[in-house]
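The values are calculated or read from the model by the stated rules, or taken from the named source; none is laboratory data. Everything numeric here is computed off the predicted structure, so don't read it as measured data. With ideal geometry, Cβ positions are generated from the backbone for all residues, glycine too; neighbour counts draw on all protein chains shown. To get the accessible areas, we keep the full protein, side chains included, count just its heavy atoms, and leave off ligands, DNA and RNA. Shrake-Rupley method; radii C 1.70, N 1.55, O 1.52, S 1.80 Å.
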Amino acid sequence: MSHPSTIKKCIFPAAGYGTRFLPATKAMPKEMLPVVDKPLIQYGVEEAMAAGMTDIGIITGRGKRAVADHFDISYELEHQISGTPKEDLLKDIRRVIDECTFSYTRQIEMLGLGHAILTAQTLVGEQPFGVILADDLCIDDNDGVMSQLLRIYVKYRCSVVAIEEVDPNEVDKYGVIDGKEIEAGVFKVDGMVEKPAVDDAPSHLAIIGRYILTPEIFDILRRTPPGKNGELQITDALQVQARENMVLACRFDGRRFDCGSVDGFVEATNFFYDRRRAAAGEVRP
Ligand code: G1P
């Protein structure tokens with residue numbers, strides 16, 4: 001489903017090292033790890049596109065050239081396979097390249113997700129924007145998660161985060177919200193804490209890597225001190241925005257795979273592989 005072009009810009013923080021996937025990520029960006037045959041970041045860009053966000057801004061770091069090359073035309077390759085049955089394999093990525101524009105900026109030091117987003121200000125300017133963390137791979141057959149956030153943004157015009165109920169033992173891996181449900185699946189955020197211990201967590205509603213942020217977040221980030229693990233946390237800035245203005249959380253429909261972990265990545269791979277076999281009328285042995 002496409003949307004009126006309320007928000008065009010979507011930011012992809014992609015400067016991290018992906019140490020959990022070493023040695024695979026020694027010389028290759030973790031965003032390029034394929035789930036079946038599509039790199040993680042392309043799934044994210046396609047989700048942004050489905051929400052009408054076609055100005056893609058990528059925060060890169062050292063060793064991320066393959067990301068920029070992926071979203072560019074490979075003339076040699078096109079020439080090689082043009083007119084052969086393999087041409088079809090490039091159809092999806094060609095559509096992405098044709099419909100989106102890509103800008104890049106580099107995060108020089110790894111000072112946290114909040115810092116990465118602040119680095120993106122130069123690509124964003126004074127407009128609301130989406131943020132997708134590509135290692136949270138989300139699917140929904142009707143409507144992508146970013147489209148669901150966008151619908152809430154259009155109604156309330158404030159920052160919106162995606163949330164999911166997680167196992168209590170898992171809350172220390174996420175930003176966790178405290179809030180009240182104001183309509184089905186939409187929570188008004190009263191508080192937020194980054195990676196709390198299970199006993200300190202205000203709920204089990206964890207933030208998943210999808211955000212719509214209003215540009216006021218940049219000023220707030222600039223006055224936010226380093227938080228958990230000494231990093232500038234977007235969660236801390238959003239907590240301030242929730243207090244000073246309003247932040248909403250959307251319990252999204254669909255399914256998320258934590259592709260930042262090996263287990264989640266394998267789960268996603270099996271899921272997409274089975275889906276593909278089923279679509280081709282085959283079942284897995
Ligand atoms: C980041 C955010 C966290 C959020 C998570 C979602 O953490 O800081 O609030 O819940 O992404 O994946 P990270 O996974 O980068 O440690």
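For segment 123-151, give me the residue count where each residue is open to solvent by 10 Å² or more (accessible area, probe 1.4 Å), in a strand (DSSP E or B) and either acidic (Asp, Glu) or under 14 Å from residue 211 (Cα atoms) (or both).
Residues flagged as open to solvent by 10 Å² or more (accessible area, probe 1.4 Å), in a strand (DSSP E or B) and either acidic (Asp, Glu) or under 14 Å from residue 211 (Cα atoms) (or both) within segment 123-151 amount to 2.
What pairs can you find where one residue is in segment 36-48 and more than 23 Å from residue 6 (Cβ to Cβ), the other is among the hydroxyl-bearing types (Ser, Thr, Tyr), and their Cβ atoms are less than 9 Å apart, with a gap of 6+ or different chains?
Pairs that qualify, where the first residue is more than 23 Å from residue 6 (Cβ to Cβ) and the partner is among the hydroxyl-bearing types (Ser, Thr, Tyr), are 36/269; 36/273.
If I ask for residues that are within 10 Å of residue 132 (Cβ to Cβ) and not hydroxyl-bearing (Ser, Thr, Tyr), which ones from segment 29-50 would you list?
Those that are within 10 Å of residue 132 (Cβ to Cβ) and not hydroxyl-bearing (Ser, Thr, Tyr): 41, 44, 45, 47, 48.
Check 212, 217 and return the single one that is under 20 Å from residue 10 (Cα atoms), touching a helix residue (DSSP H, G or I) at 6+ places or on another chain (Cβ under 9 Å) and not in a strand (DSSP E or B).
Sole residue among the options that is under 20 Å from residue 10 (Cα atoms), touching a helix residue (DSSP H, G or I) at 6+ places or on another chain (Cβ under 9 Å) and not in a strand (DSSP E or B): 217.
Of all residues in segment 203-229, how many are within 15 Å of the ligand (Cβ to nearest atom) and free of Cβ contacts under 8 Å to residues at least 24 places away in the same chain?
Number satisfying all stated conditions: 0.
Only one residue in 118, 77, 89 is assigned to a helix (DSSP H, G or I) and within 16 Å of the ligand (Cβ to nearest atom), so which one is that?
Step by step, each of 118, 77, 89 is checked, and only 118 is assigned to a helix (DSSP H, G or I) and within 16 Å of the ligand (Cβ to nearest atom).
Identify, please: which residue in segment 220-259 is charged (D, E, K, R) and in a loop (DSSP other than H, G, I, E, B) and is, among those, surrounded by the most Cβ atoms within 10 Å (Cβ to Cβ)?
Of everything passing the filter in segment 220-259, 231 is surrounded by the most Cβ atoms within 10 Å (Cβ to Cβ).
Restricting to segment 67-97, and then to whatever is acidic (Asp, Glu) and under 20 Å from residue 14 (Cβ atoms), can you tell me which residue is surrounded by the most Cβ atoms within 10 Å (Cβ to Cβ)?
Residue satisfying both the conditions and the ranking: 92.
For residue 166, only one of the following conditions fails: (1) modelled with pLDDT of 95 or more; (2) out of contact with any strand residue (DSSP E or B) (no Cβ under 9 Å at 6 or more places or on another chain); (3) more than 23 Å from residue 59 (Cβ to Cβ). What is its number?
So residue 166 meets the others, but not (2).
Identify the residue in segment 160-202 that is within 13 Å of the ligand (Cβ to nearest atom) and in a loop (DSSP other than H, G, I, E, B) and, among all such residues, is surrounded by the most Cβ atoms within 10 Å (Cβ to Cβ).
So the residue we want is 174.
Do you know which residues across segment 260-277 are open to solvent by 50 Å² or more (accessible area, probe 1.4 Å) and within 27 Å of residue 151 (Cβ to Cβ)?
Residues satisfying the conditions are 271, 275.
Suppose the filter is away from the ligand (no atom under 13 Å from the Cβ) and surrounded by fewer than 14 Cβ atoms within 10 Å (Cβ to Cβ); does residue 101 pass it?
yes
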